[in-house]
Each structure stands twice: as structure tokens, then as C-alpha cells.
């Protein structure tokens, strides 16, 4: 019997954002569906790869003079009328825990947010979204990936599995936490990444890298 409320919930989420989804569904990365490896750059230490070093892409700016945010900061594009889902700047859509969804009804478009792993016990939600303006947070799950060719979509550009490192198309170079290397070894170039903030163990790895295609994450730090 418990399956019916879940079905109705998913239908409600999709119906709210259906006009947007239907127009671009074929252009989005699907959650938990790995694709064939795409090699963007072959050599992590090549001259081409050096362009990715020591540069950190900034987030959005909607005022003058510009205000920039780190790559781990995201911002809200739209919130469903029921407060049960939201879309961020890269086009990814996040289902929100209905218990706290009423909070999102007071959140605003362009509010900066951060995504972190959910450390709550016995929860069906893998992540938590923190509104940096209000200080509120809501448990969430990633249900639809970013636009495949979107301006703010991050892809793995180079992988160095031997040294546990990777580069992203946003010009970030990242070192993977040794405890997460088993997960990392299953990743490949061309997969979509959403950068979040680590709120769990190994805090010196201050970021999490959410792999949309694999529907998992690792802890990481820039270098």
C-alpha cells in the first residue's frame, strides 16, 4: 500500500515541471545511467591538461559589480508549486523531503545553495540542500541530471586513477579521498559531476563530487 503515496508524489513533482522537462528531456543527463566512456583529454600531465590547473571557476553573478561564488555554490532556478522539488542552474532537479518542503515555498529564485551528503540516520534521502541565505536545509534526492550540453554542466575531463585525481571541464583539479577510491575507480571521462560540500568524515576533503551517471559521490579537495 505504501507504493501509492510514492507514485502520487512523483507524478506531482513531474507535473509541476513537465513543460520544462518535456522540452529538454532528451538533452539531460539521466541519473544512474552510465554511458560509454568519452575521452576528452588523454594525458593528465599533457600541455593541454595544464590549462586546467590552478583555476577555479566561479558561480553566477547577477549584479554589477559582479559577485562570484565558488564552484561548490549553486543557485535556485525554480521551485515547484508544492515545494516538493527544485531545479538549480545546471538544470538538475532535486526531490525534496515532503516533511520539510514547506520551507522551500519561501525560498526564492537565485538564492545561493550548497549540496551536501545527508548524515541523518534511517533516511531515504542521500543529500541535503542548504539555503545559504535563510540557513535552512532540506533532505533531497537527485531525480534528473543537468543539461548534457549546458553552460553550467560539469564533466570529467581527465582521470588519473593511479594517483586518485581528476580534472573537470570547469577547470578544477581535484584529489580524491583515499577511502573513496573504490567508488572512483568505476568512474570514467565524460560523466557528469555536480560539486557539493563535505559535511561528514575526512573534513580536510572539503568537497563532494556527485557523479550523476553513476548516482554516487566521493569526497575530494582541490589542489
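Data for the structure
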read-out	value
Most to least packed among 188-194, 158-164 [average Cβ atoms within 10 Å]	188-194, 158-164
By average C-beta atoms within 10 angstrom, highest first, the peptides 143-156, 96-109	143-156, 96-109
Full-stretch length increase - residue 201, residue 171 - with 0.36 nm per residue and alpha-carbon distance subtracted	8.2 nm
The range 138-181 residues near the modelled residue 221 label - backbone nitrogen below 12 Å, point 7 Å along Cα→Cβ	175-178
Segment residue 179-residue 27, length gained on full extension (0.36 nm per residue, minus Cα span)	51.4 nm
Cα pair distances exceeding 19 angstrom across the range 82-197, given as percent	52 percent
Space enclosed by the convex hull of the alpha-carbon atoms of the range 88-134, per residue, Å³	89 Å³
Sorted peptide list for 167-173, 121-127, criterion being average Cβ within 10 angstrom, highest first	167-173, 121-127
Label-point gap, in nm, between residue 106 and residue 119 - each point 7 angstrom along Cα→Cβ	2.5 nm
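Throughout, read-outs are computed from the coordinates displayed, never taken from laboratory work. All values reported here derive from a predicted model rather than from experimental measurement. With ideal geometry, Cβ positions are generated from the backbone for all residues, glycine too; neighbour counts draw on all protein chains shown.
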